[in-house]
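Since every read-out is calculated from the coordinates, none of them should be taken as a lab result. Remember, predicted model here, so these are calculated numbers, not experimental data. Virtual Cβ from ideal backbone geometry, glycine too; neighbours counted across all protein chains shown.
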Amino acid sequence: MELRQLSAILALAEHGTFSAAADALGTVQSNVSTHIARLERELGTPLFDRSRGALTEEGKVVVDRARRMMVEMEALVADVAAVRNVVAGTVSLGMIGTTARWLAPKVLEEMGREHPGVHLSVAEGTSAELADRLQAGRLDLAVSSLPSADEDLNGEGLFDEDLVLVVARHDPLAGRTDISVEELCSIPLLLPMQGTTLRRELETALGQGRDQPVALTPKADIDGVRLIASLTFDGHGPAILPACAVPDYLHDRWVTVAVEGLPRRTVGVVTRHRGLLSAPARAVRDLLRDIVAEQVGTGARSGLHPPSSAGRRPASGG
């Protein structure tokens, strides 16, 4: 099994046809066909169904593993360079939308200053989407909600963030500084989808220390905190949002109201349990720690707090 054979099947999976894969690899179609055929003979099974133009189930397994192997090869090259004090390479970083809005610009600015040889690729997604991309090797690390539901991923808390009720300034609740959970449950809200980390945290908080269960009233279930924020700011209804989801320029139109007894959410760096972060990826992780520590320590961003002990889980890669 050769790396060029793995590169061929990855290109075929990415581009869909032998000719497109050949163009992407800068070679001819016959070379790609030869590499795939040799790989199929070695593994004893078809990897690509030529009649359907799609990977077989065995091919999908090979692609998932090959992608991780190629990531490790790139990390090897970067780590060797780092021994010579040259931190260079490509790092794929995922971020949940509400955090990316304020954290991504700072990361890009600091990386350009401290590690100009590192090319940073930033992708936005929900915590569940980022977890899937990490597992598939499409991301090196991600900033998402903790804890992760996937046992194959490690998380290290970066910060805890207040969850607040966001209402329009003309809303009767806008004059309140806080609201009880019981009052909150009577308000139709734009809520995260069932099964998401934030929805689970909200439902757990509602059940703690109460003889009678209480439940939130959904106006609609929305997939993605950032989408909830957008709909809220467009006037489609109040929502419970992370404090940093409300941009400063919107504070003249919207008011945040504290909810008594509502826990904070933990946001952290998530990595693969079995992976070893490359030197450039470790540099990005360390920079994330430093930026967040500065924001929390100086109070530059309201609603952020040091991570709780529950949010601290060992991160892979040292």
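Structure summary
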read-out	value
Angle in degrees between helix 3-15 and the longest Cα principal axis of the chain, rounded to the nearest 10	50
Positive minus negative residues near Arg285 (Lys, Arg vs Asp, Glu; Cβ under 12 Å)	-2
Taking the C-alpha atoms of the stretch 163-263, convex hull volume expressed per residue in Å³	91
Helix axis angle, 97-114 relative to the chain longest principal axis, alpha carbon, degrees	60
Helix 197-207 axis, angle to the chain major axis (alpha carbon atoms, nearest 10°)	30
Sequence-separation-based contact order of the chain, relative, with Cα cut under 8 Å and 6+ spacing, percent	22
Under 5 Å, built H, 5+ apart or other chain: amide partners of Gly89	Val118, His119
Built amide H within the under 5 Å cut-off of Leu153, gap 5+	His273
